[in-house]
Amino acid sequence: MLALVNALLYVLVALTWGSSFFFAKIGLEGLGPQQVATARTVLGAVTLVVVLLVTRRRWPREPRVWGHLLVVAVFLNAVPSSLMAWAEQTVPSGLASIYNATTPIMTLLALAVLVPSERLSRRQLGGIALGIVGVLVLVGPWDLVGDPAVLATVPGQLALLGMTASYGIGLAWLRRFGVGSGQDPTTVATVQLSLAALLMLLVAPVIATGPVQLDWRIVAAMVALGAVGTGLAYAWNTRLVGA
């Protein structure tokens with residue numbers, strides 16, 4: 001039964017994060033890149049804080065737990081959400097979601113460095129190689145030659161690779177120091193997102209400036225991206241990392 005629940009959560013996380021690029025693209029119609037990144041993080045944190053309060057879970061008291069989750073907040077939330085929002089100014093959401101497929105590749109590489117017990121087997125190395133080939137086929141870098149419109153998206157595509165590399169480091173750190181802290185997955189995700197939201201709000205007055213134009217589509221997209229695509233999805237993901 002537990003395996004079935006985890007399998008369903010795995011599918012939910014995949015669908016939710018795959019659609020996040022679509023909602024972020026809508027958000028960029030009325031918000032700046034850093035405004036989208038800040039809004040999704042804050043909405044996600046608020047969602048999980050409400051869940052924490054309703055279910056009467058307790059915040060961790062150990063400073064070590066907060067310190068490790070601050071590292072996770074930087075690499076799994078603050079940095080990648082900012083890079084994604086910036087990249088999607090030029091990169092189509094479909095292509096961005098393809099780049100997101102490199103996340104498990106980056107995670108396996110980060111695990112090999114940060115989690116000594118997670119030794120890569122030949123099967124996993126073969127999976128990484130096959131995954132790289134698959135992404136190359138889907139992205140088609142050979143189409144970049146001589147096409148100014150496509151060449152203009154190269155910085156955004158590189159930012160997306162930086163995003164997935166950051167995801168990999170964050171997930172590996174979460175695997176080693178977060179899920180083994182004795183806290184349940186929802187509490188871990190709540191602390192992580194709360195710290196990320198605080199970081200984003202601290203820098204928002206400097207880098208999240210600019211005009212704001214909202215309509216019902218943009219608001220709905222940001223609520224979906226924040227409450228579900230950031231809040232609930234990270235709680236599900238933390239449970240999967242622990243499993």
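The values are calculated or read from the model by the stated rules, or taken from the named source; none is laboratory data. Owing to the predicted nature of the structure, the values given are computational and were not obtained by experimental measurement. Note that each Cβ is placed from the backbone with ideal geometry, even for glycine, and that neighbours are counted across all protein chains shown. Areas reflect the complete protein model, heavy atoms only, side chains present, ligands, DNA and RNA absent. Shrake-Rupley method; radii C 1.70, N 1.55, O 1.52, S 1.80 Å.
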Residue satisfying condition, being part of a helix (DSSP H, G or I), open to solvent by 60 Å² or more (accessible area, probe 1.4 Å) and not β-branched (Val, Ile, Thr), within set Pro155, Pro211: Pro155
Neighbours by Cβ (under 9 Å, 6+ apart or cross-chain): first from the stretch 11-26, in contact (Cβ under 8 Å) with a residue 24 or more places away in the chain; second among the hydrophobic types (A, V, I, L, M, F, W, C) and not in a helix (DSSP H, G or I): Phe21/Val91
Residue in the stretch 233-240 that is surrounded by fewer than 18 Cβ atoms within 10 Å (Cβ to Cβ), under 19 Å from the mean Cα position of the chain (by Cα) and within 20 Å of Leu111 (Cα to Cα) present: yes
Hits in the stretch 168-190 (condition: in a helix (DSSP H, G or I) and open to solvent by 30 Å² or more (accessible area, probe 1.4 Å)): Ile169, Trp173, Arg175, Arg176, Phe177, Pro185
Any hit, the stretch 191-200, residues being at pLDDT below 95, among the hydroxyl-bearing types (Ser, Thr, Tyr) and either under 20 Å from Ser19 (Cβ atoms) or surrounded by 18 or more Cβ atoms within 10 Å (Cβ to Cβ) (or both): no
Residue list for the stretch 125-141, restricted to those being open to solvent by less than 50 Å² (accessible area, probe 1.4 Å), among the β-branched types (Val, Ile, Thr) and closer than 17 Å to Gln157 by Cβ: Val135, Val139
Subset of the stretch 75-88 (residues that are at pLDDT 90 or above and either aromatic (Phe, Trp, Tyr) or under 19 Å from Ala149 (Cα atoms) (or both)): Phe75, Trp86, Ala87
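Filter the stretch 215-231 down to the residues that are of a type outside the set (Gly, Ala, Ser) and under 14 Å from the mean Cα position of the chain (by Cα), then identify the one that is farthest from Met84 (Cα to Cα).
Taking the stretch 215-231 as the starting set, the residues that turn out to be of a type outside the set (Gly, Ala, Ser) are 215-219, 222-223, 225, 228, 230.
Those left that are additionally under 14 Å from the mean Cα position of the chain (by Cα): 225, 228, 230.
Values: Leu225: 13, Val228: 17, Thr230: 13 Å.
Going through the qualifying residues, I end up with Val228.
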